[in-house]
Amino acid sequence: MAIYKRGYERYQGPLTSHWTRVLVLPRFAWRRLFQQRLVLILMIASLIWPLLCGLFIYLSNRLDLLQSLPGDIKNMLAINGKFFLIFMNVQSVFSVLLAALAGPGLIAPDLANNALPLYFSRPMTRVDYVAARIATLVGLLSLVTWLPGVLLFWMQAGMAGWTWFTKNWYLGAGILCGFGAWILVVSLVALACSAYVKWRIVAGGLVLGFFFVLAGVGQIMNAVLRVDWGSLLNPTQSMNIIWSAMLGVEPPSGPGVWVCAGVLIALAVLLGLVLERKLRAVEVIS
Amino acid sequence: MTAAIEIDNLRLKLGRREILKGISCRLGVSGAGKAIGLLGPNGAGKSTLIQTLLGFHRPHAGSARIFGFDCHRQAREVRSHVGYMPESDSFIANLTAVSFLCLMGELSGLPAETALEKAHEVLFHVGLGEARYRTLGTYSLGMKQMAKLAQAIVHGPDLVILDEPTNGLDPSARLRMLKLVKEMKDEHGMSVVLCSHLLRDVEEVCDEVVILKDGLIVHQSNLEEERRSNRRFVELEVSGDDSALAAHLSALGAEMVSEGGGRWRIVLPLEFEIARLWQVTAQLNLGVRKLTHRRDSLEEIFLKAVGHLQATPQERLHADAVAAEEVSPHGHL
């Protein structure tokens, strides 16, 4: 029967599971995100560098010319921790840009349109809501971070052979865990900014400002005060130090790995508190 | 019979202010399709009570249960049985109505295909069929109200909580909204909680009414019973010699008071057939000029409950009749 001829009937059938419901939000969000041209363009642009890296891995394993280069130059072009660290640093910039573009559209419109009571009057808690929003960003950022990273690692492992893999397996684990931690930090920053300001464009600017302005402030502090802990203000630098340790590369000068990890954990807790405070079904003015 | 809503000594503080001060009541019957009107002056705690029922606030004492589930500890179970239409604008501006309802349906646990089907079905049901592919941001106020109602019922809940559903609606849209609410309870067996400032809307739709004032229930009644009891209060105006009327009616168990000039105010006993009154007047050869049921409007009940009225007209009539009966056994003043 045509839909317009049917009357309303209450649904009496089985309901979906809890986690299926939670994953509804990312599914709808991804559909809307990939309808935005800017997100698509940025996504494509962010895959250029992994393609170039893939090409380099292929050439370095296949071209006799590269194999026959003198030792020093050959070492410079080797596929090792340093190679993957450069890859991760470049992709981290794209992930910040993508988060700044996609993140604010996840929470700010819900707050601006007072949509939270609609979500929270359904079988969905605030934790579910935040988990769903983080899952949206994790899915999106994974496409430009650890997924191509792990693919490159397996490509190198496949071409270089079992010996290379047994010696360098930690690179794959480092890429996965390092990008996992980075995605979590970036997602929390994007969501907290989105929850803090209801205007989407301003929230996007705030995300970029958080990473790029803080980096500048950290550098200025290091230069003016002749210290190295200014780098702690720069989440990108802190993460770079952690990645270096994970990939077995000599870390850049600055605070130790554990200090950086502690600062990033503290930052994550702080951002979690912002979300806890801002995401409520109703605002209570005491 | 399980009550749809059971509230036991519910107390709620927001900040240092106590909003709900020990509310206790049992409302509706599970699966019986009853509508409960929630009334009260501004700041009485109506919206806070609704939000507490939905688990948005943690009560500091007492409990509230919906269909037997605790609203705070079993919020997820409660919410899977409830549909909520908030008072203020709540939507996702850049979604089409169909996508919005699909999303809301799926979040409530409908499988994706069913949610899409139900979204279309409900939008036609509330009269937004032709506008279902428009984004919600382009809707008029009346259309947004209907979209809010649609999202509240898309998953077929057992209880629908409507906070000021007729706000900002023109008369025809208001009638349509009330018709839909009546259908929800009468045809689909849903329990409905209707929170409104418009007493006429509540009177038209609801079976029970609760009046809140300063965080307390000051009146709770069954409107159906009120309507039935209203039928006992009659104003009669006759022409002719009515001196024997009091004696005849007293014999039938009625209480009455004469206002002179053939005007009588009568309290009929329960199960009294109005036809008997016609028989008595015919027997006494009296011409009936006027016979009306005197009823308390919800407005009068409300005004009395919030302290703006000493007694409802019905209560005054009853008190007058009792006083007259004490002075003169046949009710003549």
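Scanning segment A:109-128 for residues that are more than 7 Å from chain B (Cβ to nearest Cβ) and of a type in the set (A, V, I, L, M, F, W, C) yields A:L111, A:A112, A:L116, A:V127.
Looking at segment B:64-98, which of its residues are free of Cβ contacts under 8 Å to residues at least 12 places away in the same chain and not in a loop (DSSP other than H, G, I, E, B)? Steps first, please.
Quick first cut of segment B:64-98, residues free of Cβ contacts under 8 Å to residues at least 12 places away in the same chain only: B:70, B:73-74, B:76-77, B:88.
Those that are free of Cβ contacts under 8 Å to residues at least 12 places away in the same chain and not in a loop (DSSP other than H, G, I, E, B): B:D70, B:R76, B:E77.
In segment B:196-255, how many are within 24 Å of B:G33 (Cβ to Cβ) and among the aliphatic types (A, V, I, L, M)? Of the residues in that region, 10 qualify. Within segment A:101-126, the residues that satisfy the criterion of being of a type in the set (A, V, I, L, M) and assigned to a loop (DSSP other than H, G, I, E, B) are A:A115, A:M124. Looking across segment A:4-34, the residues that are surrounded by 14 or more Cβ atoms within 10 Å (Cβ to Cβ), facing another protein chain (nearest Cβ under 7 Å) and part of a helix (DSSP H, G or I) come down to A:R21, A:V24, A:F28. For segment B:192-205, a tally of residues being in contact (Cβ under 8 Å) with a residue 60 or more places away in the chain and farther than 18 Å from B:S47 by Cα returns 3.
Could you look through segment A:97-108, keep only residues that are surrounded by fewer than 24 Cβ atoms within 10 Å (Cβ to Cβ) and away from chain B (no Cβ under 11 Å), and pick out the one that is farthest from A:V39 (Cα to Cα)?
If we filter segment A:97-108 for residues that are surrounded by fewer than 24 Cβ atoms within 10 Å (Cβ to Cβ), which is where we start, we get A:97, A:101, A:105, A:108.
Pick out the ones that are also away from chain B (no Cβ under 11 Å) and you get A:97, A:101, A:108.
Values: A:L97: 10, A:L101: 7, A:A108: 17 Å.
Per the stated criteria, the residue is A:A108.
Residues that are under 30 Å from B:M85 (Cβ atoms), of a type in the set (V, I, T) and free of Cβ contacts under 8 Å to residues at least 24 places away in the same chain: does segment A:227-245 have at least one? For segment A:227-245, residues under 30 Å from B:M85 (Cβ atoms), of a type in the set (V, I, T) and free of Cβ contacts under 8 Å to residues at least 24 places away in the same chain: absent. Only one of these conditions is not met by B:A35: (1) surrounded by fewer than 24 Cβ atoms within 10 Å (Cβ to Cβ); (2) touching a residue at least 60 places away in the same chain (Cβ under 8 Å); (3) away from chain A (no Cβ under 14 Å); (4) small (G, A, S). Which number is it? Tallying (1) surrounded by fewer than 24 Cβ atoms within 10 Å (Cβ to Cβ); (2) touching a residue at least 60 places away in the same chain (Cβ under 8 Å); (3) away from chain A (no Cβ under 14 Å); (4) small (G, A, S), B:A35 fails exactly one: (1). Give me the residue from segment B:224-282 that is free of Cβ contacts under 8 Å to residues at least 40 places away in the same chain, in contact with an Asp or Glu (Cβ under 6 Å, 6 or more places away or on another chain) and surrounded by 13 or more Cβ atoms within 10 Å (Cβ to Cβ) and, out of that set, nearest to B:I301 (Cα to Cα). Only one residue tops the list, namely B:R263. The number of residues in segment B:87-97 being more than 8 Å from chain A (Cβ to nearest Cβ), over 22 Å from B:A75 (Cβ atoms) and within 31 Å of the chain's Cα centre (by Cα) comes to 1.
Scan segment B:1-50 for residues that are touching a Leu at 6+ places or on another chain (Cβ under 8 Å), part of a strand (DSSP E or B) and closer than 22 Å to B:E187 by Cβ and the total you get is 4.
The requirement of being surrounded by fewer than 23 Cβ atoms within 10 Å (Cβ to Cβ), modelled with pLDDT under 95 and over 23 Å from A:E276 (Cβ atoms) is satisfied by A:V217.
For every residue, the table says whether it meets (1) assigned to a helix (DSSP H, G or I); (2) free of Cβ contacts under 8 Å to residues at least 40 places away in the same chain; (3) within 21 Å of the chain's Cα centre (by Cα); (4) at the interface with chain A (Cβ under 8 Å from one of its Cβ atoms).
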site: B:T52; (1), (2), (3), (4): yes, no, yes, no
site: B:F56; (1), (2), (3), (4): no, yes, no, yes
site: B:G62; (1), (2), (3), (4): no, no, no, no
site: B:F100; (1), (2), (3), (4): yes, no, no, no
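In segment B:217-283, counting only helices (runs of 4 or more DSSP H) that sit wholly within it, the ones holding 1 or more residues that are over 30 Å from B:D8 (Cα atoms) and not polar (S, T, N, Q) span B:245-251, B:274-283.
Could you list all residues from segment B:170-194 that are in a strand (DSSP E or B) and away from chain A (no Cβ under 14 Å)? Don't jump to the end; show me each part of the working.
Just the residues of segment B:170-194 that are in a strand (DSSP E or B), to begin with: B:191-194.
B:L194, the sole residue that qualifies.
Considering segment B:105-128, and only residues there that are facing chain A (nearest Cβ under 7 Å) and more than 17 Å from A:S121 (Cβ to Cβ), the residue that is surrounded by the most Cβ atoms within 10 Å (Cβ to Cβ) turns out to be B:K118. Pairs meeting the criteria (first residue in segment A:128-141 and within 14 Å of A:A192 (Cα to Cα) and at pLDDT 95 or above, second residue among the small types (G, A, S) and buried (at least 20 other Cβ atoms within 10 Å of the Cβ), beta carbons under 7 Å, at least 6 apart or on different chains) are A:I134/A:S187; A:L137/A:A99; A:L137/A:A102; A:L137/A:G103; A:L137/A:S187; A:L137/A:A190. Among B:R200, B:R232, which is the only one that is over 17 Å from B:C25 (Cα atoms) and in contact with a Pro (Cβ under 8 Å, 6 or more places away or on another chain)? None of the others qualify; the one that does is B:R232. Looking across segment B:150-203 at every residue that is within 17 Å of the chain's Cα centre (by Cα) and at positive phi, the one that is surrounded by the fewest Cβ atoms within 10 Å (Cβ to Cβ) is identified as B:G189.
Quick check on segment B:1-32: of everything there that is small (G, A, S) and more than 13 Å from every other protein chain (Cβ to nearest Cβ), which residue is surrounded by the most Cβ atoms within 10 Å (Cβ to Cβ)? Walk me through it before giving the result.
So in segment B:1-32, the residues small (G, A, S) come out as B:3-4, B:15, B:22, B:24, B:28, B:30-32.
Filter again for more than 13 Å from every other protein chain (Cβ to nearest Cβ), leaving B:3-4, B:22, B:24, B:28, B:30, B:32.
Details: B:A3: 19, B:A4: 27, B:G22: 16, B:S24: 13, B:G28: 25, B:S30: 18, B:A32: 15.
Here the answer is B:A4.
With respect to the conditions (1) in contact with a Phe, Trp or Tyr (Cβ under 9 Å, 6 or more places away or on another chain); (2) within 10 Å of chain A (Cβ to nearest Cβ), B:A147 lacks only one, and its number is (2).
The values are calculated or read from the model by the stated rules, or taken from the named source; none is laboratory data. As the structure is a computational prediction, the values presented were derived from the model and not from experiment. No Cβ is skipped: glycine too gets one built from the backbone with ideal geometry, and neighbour counts run over all protein chains shown.
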